[in-house]
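Enquirer: Below you'll find the structure I mean.
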Amino acid sequence: MIAASYACPNTLEEAVAALADPAAMVIAGGTDLMVKGRTRNSYVARALVDVTGVNEMRGVTVHDGLLDIGAAEPLASLVESKVVRSLSPVLWQAVRSVGGVQTRNRATLGGNLANACPAADGICACVALGALIKVVGSQGERTIDASELFRPCPACLAHEGMLVRTCLFADPREKKTTLEPGELIARVLVPQRAEGELGSYVRLSTNRGIGLASVTASAIVVREQDGTVRLARACVGGVLPAPRALEGSELPLVGTKLENADVLRCSKSLGTIMDEECSRLANGSYKRRVAPVVLGDALRALGQEGEDVPGVPGLRRIAVPSWEEDR
Ligand SMILES: Cc1cc2nc3c(=O)[nH]c(=O)nc-3n(C[C@H](O)[C@H](O)[C@H](O)COP(=O)(O)OP(=O)(O)OC[C@H]3O[C@@H](n4cnc5c(N)ncnc54)[C@H](O)[C@@H]3O)c2cc1C
């Protein structure tokens, strides 16, 4: 891969200064960027700014009920982290699902989000969990909801749809995220798991090895003592123009006991949303059939059919996903 220049700042201030150059763009682990750079030589004129050495973008801390994760922290270190596993088991499961060990050793959470790939594992979990993203640029810093990071992009669904494996936009800022030129993701703030909260993360991949999912689904619920659902939120990746939280009337679970009929109602609701919003979705008829099933499995995991993932309190799974039964 050829680039015009390569800078390795040590501080956020230096990184932001380097990104003031209109030709500059961030490189973190390079696991997305290098693939595009090699196949399309997209970065010949780009000044790459490597953020992996920026101290303020590393490490994991806990404060104010939030897990505060450096955007340049490698995914492998988040998988190893007992703090991430115990305080945000759903995020832990999602980052654990990214690629293989070699990819996770390099890949970062910031890169996973900023790459704005509809079926990336990180965004689905972050949206379901109500995570916040700390963005820093020359104008200062701001915090956005994870669901505000992606620009709704029907074109992405048509050309990308997660069967074409890499995005056609070399720089996600050009089309796909709400980051302004010169801005970067510095940290990701994930609400710590609440008392009694159960979560799940499910993905369906058309290839059984490592690689991007076709559809992802993440769900969390908090239930009353008698089992009535008090809070429910989910996200489905790879199908909607931009990942967003499904809750309220789009995920009619509050007040129910999370029985099979309740799960089916939610799957049906997703089908209706897809019919309305996803007419251009690549491989649409396949995804229209499977996405409600994947969401259903993420929800069923939280009910009677689910089981605890051993050693990870709060994380649930189902022993046999629906699509496995067909094999
Ligand atoms: C073999 C293989 C398997 C993979 N499997 C999966 C998978 O299963 N699931 C999945 O989700 N992904 C997968 N990926 C994609 C990729 O590994 C992840 O998206 C990864 O997290 C990207 O992070 P990175 O640090 O390598 O990003 P980079 O490649 O360094 O950057 C990606 C993009 O994000 C921008 N960027 C990076 N960091 C920041 C930041 N802090 N602020 C602003 N912009 C930033 C860059 O400018 C670039 O446009 C796979 C990739 C490979 C090569």
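The values are calculated or read from the model by the stated rules, or taken from the named source; none is laboratory data. Fair warning: this is a prediction, and the values are worked out from it, not measured in the lab. As a convention, Cβ positions derive from the backbone with ideal geometry for all residues, glycine included, and neighbour counts pool all protein chains shown. Note: accessible area is taken over every heavy atom of the protein model, side chains too, but ligands, DNA and RNA are not part of it. Shrake-Rupley method; radii C 1.70, N 1.55, O 1.52, S 1.80 Å.
Enquirer: Whole-Hz ³J(HN,Hα) for each residue in segment 115-122, computed from phi via Karplus 6.51 cos²θ - 1.76 cosθ + 1.60 with θ = phi - 60°, x for glycine and proline: what do you get?
Expert: 5, 6, 8, x, 10, 4, 5, x
Enquirer: Can you tell me what share of the DSSP beta bridges in the chain is antiparallel? A percent to the nearest 5 is fine.
Expert: 85 percent
Enquirer: Express the relative contact order of segment 78-142 as a whole percentage, based on alpha carbon pairs under 8 Å and six or more residues apart in sequence. Don't skip to the answer; put the middle values down first.
Expert: Working: 39 pairs, mean separation 14.9, N = 65.
The value is 23 percent.
Enquirer: Relative contact order, percent, of segment 199-326 when contacts are C-alpha pairs under 8 Å separated by at least 6 residues?
Expert: 24 percent
Enquirer: With contacts defined as alpha carbon pairs under 8 Å and 6 or more residues apart, what's the relative contact order of the chain in percent?
Expert: Numbers: 729 pairs, mean separation 54.1, N = 327.
Relative contact order, the chain: 17 percent.
Enquirer: Could you check how much of the accessible area of the chain is carbon and sulfur, as a whole percent, using a 1.4 Å probe?
Expert: Reported share for carbon and sulfur atoms: 51 percent.
Enquirer: Could you state the orientation-averaged shadow area of the convex hull built on the Cα atoms of segment 1-153, in nm² to one decimal?
Expert: Hull-based average projected area comes out at 9.1 nm².
Enquirer: Heavy-atom accessible area per residue, segment 5-50, 1.4 Å probe: how many Å²?
Expert: 49 Å²
Enquirer: Separate question: Once amide H atoms are placed 1.01 Å from N in the peptide plane, what residues at a sequence separation of 5 or more from LEU231, or on another chain, have their amide H within under 5 Å of its amide H?
Expert: Excluding prolines and chain starts, which carry no amide H, the hits are VAL222.
Enquirer: Report, to one decimal in Å, the Kirkwood hydrodynamic radius for segment 199-326 based on all distinct Cα pairs.
Expert: 14.8 Å
Enquirer: Can I ask one more? Skip the ligands, DNA and RNA, and give the accessible area per residue of segment 199-326 with a 1.4 Å probe, whole Å².
Expert: 44 Å²
Enquirer: Give the peptides 101-114, 189-202 in descending order of average Cβ contacts within 10 Å, highest first.
Expert: Result, highest mean Cβ count within 10 Å first: 101-114, 189-202.
Enquirer: Enumerate the lysines that LYS36 could reach by cross-link, defined here as Cα to Cα under 28 Å, with residues fewer than 8 away along the same chain left out.
Expert: Output for LYS36: LYS134, LYS175, LYS176, LYS287.
Enquirer: State whether segment 5-50 is rounded, prolate or oblate according to the following rule on the C-alpha gyration tensor (a ≥ b ≥ c being the square roots of its eigenvalues): a/c under 1.5 gives rounded; otherwise a/b larger than b/c gives prolate, and the remaining case gives oblate.
Expert: Cα axes put segment 5-50 in the oblate bin.
Enquirer: Sticking with this one: Any chance you could give the angle, 0 to 90 degrees and rounded to 10, that helix 260-277 forms with the longest Cα principal axis of the chain?
Expert: The two axes meet at around 40 degrees.
Enquirer: Given the C-alpha centroids of segment 1-80 and segment 246-323, what is the distance between them in whole angstrom?
Expert: 34 Å
Enquirer: Kirkwood hydrodynamic radius, computed over distinct alpha-carbon pairs, for the chain: how many Å, to one decimal? Intermediate values should be presented prior to the final figure.
Expert: Values: mean 1/r = 0.0503 Å⁻¹.
Final number for the Kirkwood radius of the chain is 19.9 Å.
Enquirer: Are there any GluC sites (Glu not before Pro) in segment 225-260 that are in a DSSP loop and have at most 14 other Cβ atoms within 10 Å? List them by number.
Expert: GLU259
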